[in-house]
1. Can you order the peptides 75-82, 179-186 by their average number of other Cβ atoms within 10 Å per residue, highest first?
2. Report the net charge of residues surrounding LEU162, where surrounding means a beta-carbon distance below 15 angstrom and charges are Lys +1, Arg +1, Asp -1, Glu -1.
3. Quick one: grab the alpha carbon gyration tensor of segment 150-195, order the square roots of its eigenvalues as a ≥ b ≥ c, and give me rounded if a/c is under 1.5, else prolate or oblate depending on whether a/b is larger than b/c.
4. Express the relative contact order of segment 84-185 as a whole percentage, based on alpha carbon pairs under 8 Å and six or more residues apart in sequence.
5. Order these peptides, 188-200, 166-178, by their mean beta-carbon neighbour count within 10 angstrom, highest first.
6. Provide the net charge surrounding PRO223, with neighbours chosen by a C-beta distance below 11 Å and charges set as Lys +1, Arg +1, Asp -1, Glu -1.
Amino acid sequence: MGIFVLISLTVLNIFISRYLYILILRDDITFQISRKNILPLFKLLSPILVKKRAYQRTLNYKYILVELITILNSILLYFALLNLSLLTILFLFISFYILSFLLTHDIIYFEIPSQTTRVLVILAILINILVIFIGQTQELFLKLGTIDNLITGVITGLIFYLIVKLTKEKGMGTGDIYLFMFIGLVFGWKLTLISITSTLLIASISGIIFTVFNKKLKNILIPLVPFITIGFLITLAFGNDISQTLFPFL
């Protein structure tokens, strides 16, 4: 039963990632969309049919990257949703698909719309307020509706605001500030540390590998949102175990 749910979730997310990819690109490129364009991974290796052939190779590798990250995120999401309340699962599903849109946008354009990241922050604030008022039973590790979450969200947002301003938006921008603020509002301080550490660790390793393959150190653009999303889902799936190991007395 668990395998069936995992496969179904993965296939669903592959289809959704496909539509998100086309949705994001439709303003820049006129597609010749055929039925086989809408099929998921097993049809994806064939070229995407676009009228501007100059974009074809770039679009193909970026879309395959989106697909692979989608599959990984679907597996992490499956483990994250185990033993959670219905309200939390609904919140996480909405957040997951917004993050999927953002990571796809970041892979294509190396930037994200800050308006969409604000939606995530508002969503996190609303779920915390809702949990406070309805008295929803808290999960063992996801402490929604606590002052810890609200304070962590504000402090995390301020820290990354300062980082972005001091670095003059080289590497991170306004959208990233809202994303990390969202993580703080969801997790509280312990899990936020785990999520950010996971993000930076995976991004650093991937950056080193990418640099080695490209044989250059300067002018390398690496999208950050895919790593933020992976770090977020790793924390959802395994954050409780990691937290108990790192913070056994807190």
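1. Details: 75-82: 17.8, 179-186: 27.0.
Answer by packing, highest mean first, reads 179-186, 75-82.
2. Numbers: positive: LYS165, LYS168, LYS170; negative: GLU169, ASP176.
Here the charged neighbours net out to +1.
3. Numbers: a/c = 2.33, a/b = 2.15, b/c = 1.09.
In terms of gyration-tensor shape, prolate.
4. Value for segment 84-185: 32 percent.
5. Values: 188-200: 20.9, 166-178: 15.0.
The densest-packed peptide leads the list: 188-200, 166-178.
6. -2
Rule-based calculations on the coordinates, nothing more; no lab input. Owing to the predicted nature of the structure, the values given are computational and were not obtained by experimental measurement. Every residue, glycine as well, gets a Cβ built from its backbone with ideal geometry; the counts of neighbours run over all protein chains shown.
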